[in-house]
Amino acid sequence: MTANASLSADSSETPGLTDVDAYMVGLGQAARAAAARMRRATTGDKNRALSAMAERLDAARSKVLAANERDLERGRANGLEAALLDRLALNEARFDAMLEGLAQVGALPDPVGEIDGLHSRPSGIQVGRMRVPLGVIGIIYESRPNVTLEAASLCLKSGNACILRGGSEAKESNAAIAACIREGLVDAGLPETAVQVVATTDRAAVGRLITMPDFVDVIIPRGGKSLIERITREARVPVIKHLDGVCHVYIDATADPDKALAVAVNAKTHRYGTCNTMETLLVDAPLAEPLLPKLSAAYAEHGVELRGCERTRAILPEVVAAEEADWHAEYLAPILAIRVVEGIDEAIAHIERYGSHHTDAIITEHYGLARRFLAEVDSSSVMVNASTRFADGFEYGLGAEIGISTDKLHARGPVGLEGLTTLKYVVLGDGQIRQ
């Protein structure tokens with residue numbers, strides 16, 4: 001019996017099992033052993049596993065969708081919000097997208113084993129840095145069962161073992177997908193414990209997962225602010241995360257009005273519930289009077305509520321007065337805060353005070369101001385004349401992402417395959433000794 005199978009979807013359903021701590025340690029030990037095998041896996045091994053996982057998943061389509069429907073029925077009975085039910089739901093299109101995602105990850109270049117910067121030293125040795133897996137990655141997420149497959153595929157392709165802990169609302173969907181993942185790994189001759197899905201919904205499992213540095217090398221939380229705050233506060237393992245997506249667009253006085261209108265509308269209305277959606281619009285004072293009415297009309301077509309500073313309301317009196325909390329807000333909703341500023345210095349100061357170091361953009365035709373914005377705004381993605389919605393692993397050419405990091409150490413911005421690896425020095429010699 002594998003570690004995945006040793007606990008049912010709910011620990012209370014397993015007679016005699018009371019020790020979640022021992023269960024999690026067992027997962028950790030199995031993952032550490034699997035990580036050693038994954039370091040030896042070739043690109044071919046990993047791609048065969050991804051293909052086998054896709055075949056197993058497609059063959060089990062009806063079982064997975066049936067499991068998802070049971071999760072949805074339970075969610076409706078428990079009063080789960082409509083937005084969460086939508087995130088939980090799998091349909092034929094989303095199922096096909098999961099299969100396509102596996103194919104895309106399989107087609108990505110394998111970063112493991114690359115040696116960069118190899119150079120000769122006076123002693124005759126050659127020194128470079130090799131890209132290698134992180135080891136064991138713990139991923140904690142909510143609602144979306146497709147994340148189980150995404151996380152597994154990215155960890156697998158980057159040569160890592162992983163322990164996945166999904167939300168209790170998706171426990172049957174995740175279990176069904178996990179079975180396909182295990183079967184695909186075995187088909188490809190890789191350890192099935194390279195991907196383990198925590199079977200218990202006991203919240204103590206999360207607490208144990210994030211405090212096992214002997215077995216887990218890094219934790220990646222994907223979910224709401226409260227989850228990420230808890231993980232950051234309690235973890236004894238390094239965490240790759242972001243808390244908020246308070247993203248800004250600053251429209252400089254030199255901006256092309258049509259370009260500014262298009263970018264500012266897209267950055268807010270393309271999708272409301274994502275971390276790279278603009279939440280505050282900053283408009284340079286000389287452009288405010290001619291541009292704000294056009295922006296207001298465009299946002300009205302999308303049903304966006306505007307909350308503005310005094311200078312904004314002098315031009316748009318119908319706008320709700322912004323409060324201090326609005327400048328800090330990640331609305332994730334059709335609400336936008338607008339502030340009129342005096343030039344780039346005030347814009348950058350506002351972003352530094354209220355931003356979350358996620359994604360910020362400037363709309364300008366002035367090269368020097370664009371360069372200043374890129375250099376001085378301390379965010380994981382900084383953009384010129386482009387929508388903040390581009391802050392995404394796929395759009396950046398990473399193929400896929402495990403999340404977005406606003407940390408400054410190791411990974412920053414969208415975390416793709418390279419972000420799930422690290423570097424070690426390698427030295428090539430021919431018998432040299434140090435004198």
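The values are calculated or read from the model by the stated rules, or taken from the named source; none is laboratory data. The structure presented is a predicted model; accordingly, all values stated were derived computationally and were not measured. Cβ sites come from the backbone with ideal geometry, for glycine too, and all protein chains shown count toward neighbours. All accessible areas refer to the heavy atoms of the entire protein, side chains included, with ligands and DNA or RNA removed. Shrake-Rupley method; radii C 1.70, N 1.55, O 1.52, S 1.80 Å.
Backbone amide hydrogens, once placed in the peptide plane, bring CYS162 within less than 5 Å of ILE137, VAL195, GLN196, excluding anything fewer than 5 places away on its chain.
Once the Cα-Cα distance is subtracted from the 0.36 nm per residue extended length, the LEU409 to ARG353 segment shows a gain of 18.0 nm. Expressed in units of 2.2 N^0.38 Å, where N is the residue count, the Cα radius of gyration of the chain is 1.09.
For VAL340, the residues whose amide H sits under 5 Å from its own are VAL283, CYS309, ARG311, THR312, ignoring neighbours fewer than 5 places away on the same chain, with H placed 1.01 Å from N.
Find the accessible area per residue for the chain; the probe is 1.4 Å, ligands and nucleic acids are left out, and the unit is Å².
Working: 19150 Å² over 435 residues.
Per-residue accessible area for the chain comes out at 44 Å².
Taking the chain, the Cys residues with no second Cys beta-carbon under 4.7 angstrom are CYS180, CYS247, CYS275, CYS309.
What value in Å³ per residue do you get for the convex hull of the alpha-carbon atoms in the range 236-356?
Working: hull volume 13.7 nm³, N = 121.
With only Cα atoms used, the range 236-356 gives 113 Å³ per residue.
Centroid-to-centroid, using Cα positions, the range 143-185 and the range 267-300 are 38 Å apart. In whole Å, what is the distance between the alpha-carbon centres of the range 350-375 and the range 66-100? Cα centroid to Cα centroid, the span is 38 Å.
The length gained on full extension between ALA262 and ALA321, counted as 0.36 nm times the residue separation minus their Cα-Cα distance, comes to 18.8 nm. Every helix of 4 or more DSSP H residues in the chain counts as -39500 (n - 2.57), and over all residues that averages to -13000 deg cm²/dmol at 222 nm. Test of understanding: given the chain, find the longest segment containing no GluC sites (Glu not before Pro) that are in a DSSP loop and have at most 12 other Cβ atoms within 10 Å. Longest site-free region, per DSSP loop and neighbour criteria: 82-317.
Expressed as a whole percent, the accessible area of the chain that falls on carbon and sulfur atoms is 51 (1.4 Å probe). If you find the alpha carbon centre of the range 103-120 and of the range 378-435, how far apart are they in angstrom? Centre-to-centre (Cα) distance: 12 Å. Note that the range 47-56 has calculated 3J(HN,Hα) couplings of 5, 5, 5, 4, 5, 5, 4, 5, 5, 5 Hz, one per residue in order, obtained from phi through the Karplus relation 6.51 cos²θ - 1.76 cosθ + 1.60 (θ = phi - 60°); glycine and proline are x. Once the Cα atoms are used to define both axes, helix 171-187 deviates from the longest principal axis of the chain by about 50 degrees. Other residues with beta-carbon under 10 Å from the beta-carbon of ALA285 carry, at +1 per Lys or Arg and -1 per Asp or Glu, a net charge of -3. Kirkwood hydrodynamic radius of the range 183-252, from the reciprocal of the average inverse Cα-Cα distance over all distinct pairs: 14.7 Å. Couplings 3J(HN,Hα) for the range 332-339, derived from phi with the Karplus relation 6.51 cos²θ - 1.76 cosθ + 1.60 (θ = phi - 60°), are 6, 7, x, 9, 9, 8, 10, 10 Hz, where x marks Gly and Pro. Backbone phi angles across the range 265-281, fed through the Karplus curve with coefficients 6.51, -1.76 and 1.60 (θ = phi - 60°), yield HN-Hα couplings of 6, 5, 4, 9, 9, 4, 8, 8, x, 10, 6, 9, 7, 5, 10, 9, 10 Hz in residue order; Gly and Pro are listed as x.
The percentage of C-alpha pairs in the range 54-109 whose separation is greater than 14 Å is 60%. Of the cross-linked pairs LYS63/LYS408; LYS225/LYS294; LYS46/LYS268; LYS241/LYS268; LYS46/LYS424, those separated by over 32 Å at the C-alpha level are LYS63/LYS408; LYS225/LYS294; LYS46/LYS268. With R₀ set to 51 Å, the beta-carbon distance separating ASP21 from VAL384 gives a calculated FRET efficiency near 0.50.
In the range 338-435, the C-alpha radius of gyration followed by the widest Cα-Cα span (Dmax) gives 18.8, 67 angstrom.
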